[in-house]
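The values are calculated or read from the model by the stated rules, or taken from the named source; none is laboratory data. A quick note: this is a predicted structure, and the numbers were derived from the prediction, not measured. Cβ placement follows ideal geometry from the backbone for every residue including glycine, while neighbour counts extend to all protein chains displayed. Each accessible area value is taken on the protein alone, full model and side chains, heavy atoms only, with ligands, DNA and RNA left out. Shrake-Rupley method; radii C 1.70, N 1.55, O 1.52, S 1.80 Å.
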Amino acid sequence: MKEAVRTNFDESVTAYDDYERRTGRFTALARLLRAEMAPRTGDVERILDAGAGTGVSTRVFGDWGRTVALDLSREMLREVSTGERVQGDFDHLPFADGSFDAVAFTASLFLTPDPGAAASEAARVLRPGGVVGAVAPLGWVRADGSDVFDELERESRSPTDANTVERALEDSFAVQTGTWRFATTAEDVRQFHAIPAMAARLYPRLPPEERVATARELLAGLDGTLEQRWRWVVGVTET
Ligand SMILES: C[S@@+](CC[C@H](N)C(=O)[O-])C[C@H]1O[C@@H](n2cnc3c(N)ncnc32)[C@H](O)[C@@H]1O
């Protein structure tokens, strides 16, 4: 499972950056998350960007403190241009207890089958009163609230849904949550699923080289104004 995530993201660098350049969505998510995290803790010196990808979130958190960018995917991580970089798994963090002031999972915690392990690792490496933040997708919906993928008889689902991410963090932190909604277009949905790691959500059993093409066919006729929803969860450790 983790091996598949790593391989899928290793192949996603170019498409991921193309998507981000066009939509700015992951930058927006990281900024919103940071704005929820910052008021809930004191001074911040060292931040773990857990699941840093190509460094979109690292750049945002780098304005707040010294970042350590951690990711499973060597190819994604190679693109990170700021702060320290560590290839690793956020379920087994290679860091000392209490060595961070903040841990951010920007669009990453839902990619692990056991978010409870990552949440307790985050609690371990945070200092007392340190802050954790995560965002997890709630899907793409039409104006009537229906999921876009239901009518396509497909699921664009992560290994772990947003409620499970929230419950996992609740076990280790005192949390607060909310929902962010982005008005978006069918073209956005198409470009998102042109990222190999995202096409793999729709067609996990197809050979990798067929996934993006099949997703493109599925989504060719999609139109109208849509909403992309994300759940945010922010928590603090006991002081
Ligand atoms: C959707 S990308 C988000 C990247 C970045 N935070 C951003 O805002 O653009 C998710 C990243 O999480 C990484 N990831 C998934 N599971 C992981 C794990 N168990 N440990 C470390 N990184 C992981 C993936 O390799 C991928 O680069």
*Being of a type in the set (Asp, Glu) and assigned to a strand (DSSP E or B) narrows it down to one of 97, 101, so name that one.*
101
*Restricting region 98-131 to residues that are closer than 11 Å to residue 237 by Cβ, free of Cβ contacts under 8 Å to residues at least 60 places away in the same chain and touching a strand residue (DSSP E or B) at 6+ places or on another chain (Cβ under 7 Å), the residue that is farthest from the ligand (Cβ to nearest atom)*: 98
*Before we move on, is residue 138 within 11 Å of the ligand (Cβ to nearest atom), open to solvent by 30 Å² or more (accessible area, probe 1.4 Å) and under 13 Å from the mean Cα position of the chain (by Cα)?*
no
*Looking at 150, 171, which one is open to solvent by 30 Å² or more (accessible area, probe 1.4 Å) and without any contact (Cβ under 8 Å) to a residue 12 or more places away in the chain?*
150
*Among 205, 229, which is on the phi < 0 side of the Ramachandran plot, outside any helix (DSSP H, G or I) and in contact with a strand residue (DSSP E or B) (Cβ under 8 Å, 6 or more places away or on another chain)?*
229
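Which ranges mark the helices (runs of 4 or more DSSP H) fully within region 1-46 that have 1 or more residues being within 30 Å of residue 127 (Cβ to Cβ), within 12 Å of the ligand (Cβ to nearest atom) and open to solvent by 50 Å² or more (accessible area, probe 1.4 Å)? Outline the logic, then answer.
On the way: elements: 2-10, 13-23, 25-37.
Those helices (runs of 4 or more DSSP H) span 2-10, 25-37.
How about region 76-87: which of its residues are near the ligand (Cβ under 9 Å from one of its atoms) and open to solvent by 20 Å² or more (accessible area, probe 1.4 Å)? Full working, then the answer.
To start, the set of residues in region 76-87 that are near the ligand (Cβ under 9 Å from one of its atoms) comprises 76-77, 87.
Residue satisfying the conditions is 87 alone.
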